[in-house]
1. Can you find even one residue in segment 44-52 that is part of a loop (DSSP other than H, G, I, E, B) and under 30 Å from L515 (Cβ atoms)?
2. Here is a check on your reading of the model: is I111 modelled with pLDDT of 90 or more, touching a Gly at 6+ places or on another chain (Cβ under 9 Å) and either open to solvent by less than 30 Å² (accessible area, probe 1.4 Å) or outside any loop (DSSP other than H, G, I, E, B) (or both)?
3. For K415, are the conditions met, namely being surrounded by fewer than 18 Cβ atoms within 10 Å (Cβ to Cβ) and basic (K, R)?
4. Return the residue satisfying two criteria in turn: it lies in segment 115-154 and is of a type in the set (G, A, S) and not in a strand (DSSP E or B), and of such residues it is farthest from P197 (Cα to Cα).
5. Can you name the condition, by its number, that L359 falls short on among (1) surrounded by 21 or more Cβ atoms within 10 Å (Cβ to Cβ); (2) closer than 21 Å to A271 by Cβ?
6. Looking at G543, G559, G584, can you tell me which residue is free of Cβ contacts under 8 Å to residues at least 24 places away in the same chain and over 25 Å from G199 (Cβ atoms)?
7. Please enumerate the residues belonging to segment 53-82 that are open to solvent by 80 Å² or more (accessible area, probe 1.4 Å), within 30 Å of N114 (Cα to Cα) and outside any strand (DSSP E or B).
8. Can you tell me which residue in segment 8-19 is nearest to L527 (Cα to Cα), limited to those that are surrounded by 19 or more Cβ atoms within 10 Å (Cβ to Cβ) and modelled with pLDDT of 80 or more?
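The values are calculated or read from the model by the stated rules, or taken from the named source; none is laboratory data. Here the structure is a predicted model, which means the values were calculated and not measured. Cβ: placed from backbone, ideal geometry, glycine included. Neighbour counts: every protein chain shown. Side chains are part of the model used for accessible areas, which takes the heavy atoms of the whole protein and leaves out ligands, DNA and RNA. Shrake-Rupley method; radii C 1.70, N 1.55, O 1.52, S 1.80 Å.
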Amino acid sequence: IIEGIVVNHLGAGIAQAAVRIEAIDAPEDAPPLAVGTTSRSGDIKVRLPAPLQATVRVRIQKEGFATFVQELDLTDESPPWIDATLVGAATLAGQVRDRLLGRPVPGARVICSNGGQDFEALTDAQGRFSFNTLSHGPATLTASAKGFGTQRETLLVRSDQARADIQLGPERIVELKIITDDERPAPDVRVEGFVEPGGEYLTAKTGPDGRITLHGLSAEAQAVHLRLNGPRYIHMPDYDVRLPLKKATEPAADRPATLPAVRRELIVHVAGRVRGLVTEGPTGEPIVGVRVIAGREFAGNAPMTWTALDGSYELTGLPPGVNVISYQHTRFATVIREVHLDQDQTATLNVDLHPGLILAGRVVDSAGKPVEQVFITAHDWQGYSTLGLRGITDKEGAFSFSNAPPGEIEFVFVKPGYGEPLLQTLTAGRSDHRVELKLQNPGPGRRSLSRLEIGKPVPDLTLIDTSGKTWKLSELRGRFVFLDCWATWCGPCLGEIDNVKALYTATKDRTDFVLIGISLDSDRDELHRVTQERNMPWPQIFGEKSGAREAFETLSGVGIPYTCLIGPDGKVLAVELRGPGLAGQVQQIIVKTRASRPADG
């Protein structure tokens with residue numbers, strides 16, 4: 001028996017792929033030794049008609065993918081195993097031309113986003129480009145060149161040979177001068193922006209004179225939303241600066257159309273910073289991986305850093321005045337300090353972490369029976385909500401924290417079907433806490449588990465999926481983004497997978513829609529197993545520094561499953577969408593949003 005698995009580049013299993021086992025010297029049209037078909041999760045299990053001590057050829061084919069061929073040695077004593085990753089079979093070619101003169105544009109940078117991957121190419125002397133190994137389905141082409149406005153084209157790749165030509169028009173001139181509070185030039189300011197409409201992402205950094213020119217803005221751009229950051233300046237989490245752009249002048253008989261230049265002066269505020277060492281109290285040894293975060297309440301876009309191997313850290317972008325700094329680590333009790341900073345001041349704050357106290361108990365229902373899979377999160381301790389304590393009850397309804405700080409802590413207990421979130425104060429150092437949840441239907445008026453308000457912008461999040469690809473919400477402007485916070489240990493989350501899969505199936509061919517899973521798992525192998533068995537091909541954000549935890553705490557911070565639908569303008573359209581009608585709900589919201597904002601996309 002020959003076994004194995006067939007996956008795509010995201011690691012998702014490919015179902016119904018044809019598997020042929022051939023003699024190593026047989027022509028391609030010769031009868032195979034054995035054939036098979038992959039299961040729903042991409043698993044291979046092919047039985048040879050008789051034992052064979054030889055090297056064979058394995059050929060795997062699936063429509064839309066390039067044929068996979070591999071030699072397999074059956075004389076090896078280990079069980080024969082095939083680990084196949086299929087790549088797309090499509091080729092996309094085209095040409096980039098100057099819209100006004102009709103000439104080819106050599107050296108243009110073309111990025112193709114397809115199937116969760118980004119491919120890049122430079123045009124040749126004739127402005128030509130091509131991409132291979134693309135998957136059938138939506139593809140987005142973004143073309144840019146010096147002196148031209150960036151252009152984005154979307155299409156559906158329906159065959160193995162596709163074509164798309166792009167025309168570039170002249171770019172707008174946008175020159176900025178960034179100064180500090182005392183009217184001095186502000187060097188090393190990172191300027192980020194997204195274009196309205198379209199959502200193209202821009203970034204650049206000021207020089208010693210504080211000046212910068214934004215490149216790639218097209219004639220169709222109506223405004224640019226900016227945020228300004230740098231190690232010396234107060235952290236600007238959102239794109240609060242809107243720069244309107246004047247419309248192009250109409251052409252006349254004696255002159256062509258022109259794009260009015262934009263020149264603006266913007267101010268950044270000089271910040272303070274905190275640096276120091278985090279060590280283990282009893283031994284004085286440095287602690288690596290401590291999360292250092294500013295703020296009395298958690299926000300995923302708050303100034304944040306992690307301690308290095310020697311326990312050192314530096315937290316920048318802090319405003320003058322009193323700053324609350326939290327030091328979080330799974331093996332130690334969280335320490336919270338307050339420090340007063342002046343403008344441009346660097347304060348030193350060394351911190352010792354100590355083992356925490358036990359805090360444990362059980363969650364039961366009104367009849368005293370244990371309630372499993374209750375999501376528990378620390379809500380308040382001495383006026384702060386940045387402890388970072390989270391857990392879930394087991395089959396016996398038990399929960400336990402070994403790193404609680406001393407004193408009373410207010411926790412939130414959440415489980416679907418048990419009404420509104422329950423707030424209850426527990427005391428560290430005790431292991432006999434008893435929490436009672438009452439079974440009831442939440443009803444349409446239940447309290448939302450969201451930290452975000454409908455219509456408000458979502459803070460920019462940076463997410464890294466299991467394939468290593470980075471997703472920035474700011475770079476997804478112009479598209480609908482559906483975020484699904486879940487975990488393999490969460491029963492209600494597992495019950496929602498089929499509904500999320502239905503949404504993926506309904507939207508996978510849309511070029512204006514992205515579905516991303518935010519996994520709160522700690523076991524990578526278990527996450528991989530579940531996503532394979534349940535055939536979940538969309539990207540999953542997982543890991544300590546992937547941004548998964550920060551995203552969850554920004555969006556909800558209370559309970560899962562939790563979903564959030566973000567519009568093309570980066571604002572919240574809906575939260576906590578779930579159930580058998582999920583796909584229909586989302587599509588109705590998209591249609592309604594498109595109808596009210598015809599300029600989007």
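1. no
2. no
3. Judged against the criteria, K415 is not a match.
4. Per the stated criteria, the residue is A125.
5. Status for L359: all satisfied but (2).
6. G584
7. The one that is open to solvent by 80 Å² or more (accessible area, probe 1.4 Å), within 30 Å of N114 (Cα to Cα) and outside any strand (DSSP E or B): E63.
8. G13
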